[in-house]
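The block underneath contains the structure these notes are about, expressed in structure tokens.
The numbers here are math on the coordinates, done by the rules we state, and not lab data. Note that the coordinates shown come from a computational prediction; the quantities given were computed from them, not determined experimentally. Virtual Cβ from ideal backbone geometry, glycine too; neighbours counted across all protein chains shown.
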Amino acid sequence: MPEFAFAGRSNVGKSSLLNLLVGKRDLARVSPTPGHTKHLNFFTVNGRWRLVDLPGYGYARVERAERGRFSSSVMQYLADRPNLECVFALVDSSLPPQDNDLEFLEWLVEHEVPFVLVFTKADKVSPEAIQTNIEAFKTHIAQWSETSPEIVVCSSAAMQGRTTLLNLIESVLPPEHKKPAAKKPPLRKTPW
Ligand code: GDP
């Protein structure tokens, strides 16, 4: 089944976005304690694709050794998963590019993992500020990659970006199998 992974720094708004995306309140727990999600969580959506919730990176209070362990399992997943269609790399609209975001994106480019750059919490800042941050990210990415990534601006609070994300996912899924029309019962050949 095609997989779409969601990654980002702890507190970037990933749980909120995943809940918005699949229309469930408690799919991913919105944690009061950043760095809470430590596993790779797989959710099958509509029997057609799998949503992969990756642990947040860059949470300073998690032990360094633990951080390393999480990231190596994530990196292994990202590098060795043939059915991984795309990573949605989440960054905070209200912040300029952060070092660990850039490290992660550079790693994706190096390992040729396709990704879409998703700007979260767009309701928090002006469209101009978001645009400035988008340009800053693009400038960095242009140093490593000839192609510019697809960009989606989202806000879970304002329910913005859901359709765009779902359409992107839909665009790479194989067409949905239509159920064959129910066969009509054969006509009786006998006259009674
Ligand atoms: P995660 O750690 O990446 O899973 O982030 P969460 O979804 O738990 O959100 C972290 C914090 O950001 C919480 O306090 C959320 O209420 C807040 N948050 C998440 N999405 C949005 C958003 O779209 N707009 C605003 N203003 N706040 C958000």
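What FRET efficiency do you get for Ser94 and Glu170 if R0 is 30 Å and r is their Cβ-Cβ distance, rounded to the nearest 0.05?
Values: r = 29 Å, r/R0 = 0.96.
E(calc), rounded to 0.05, equals 0.55.
May I ask for the distance between the Cα centers of segment 134-173 and segment 103-129, given as a whole number of Å?
7 Å
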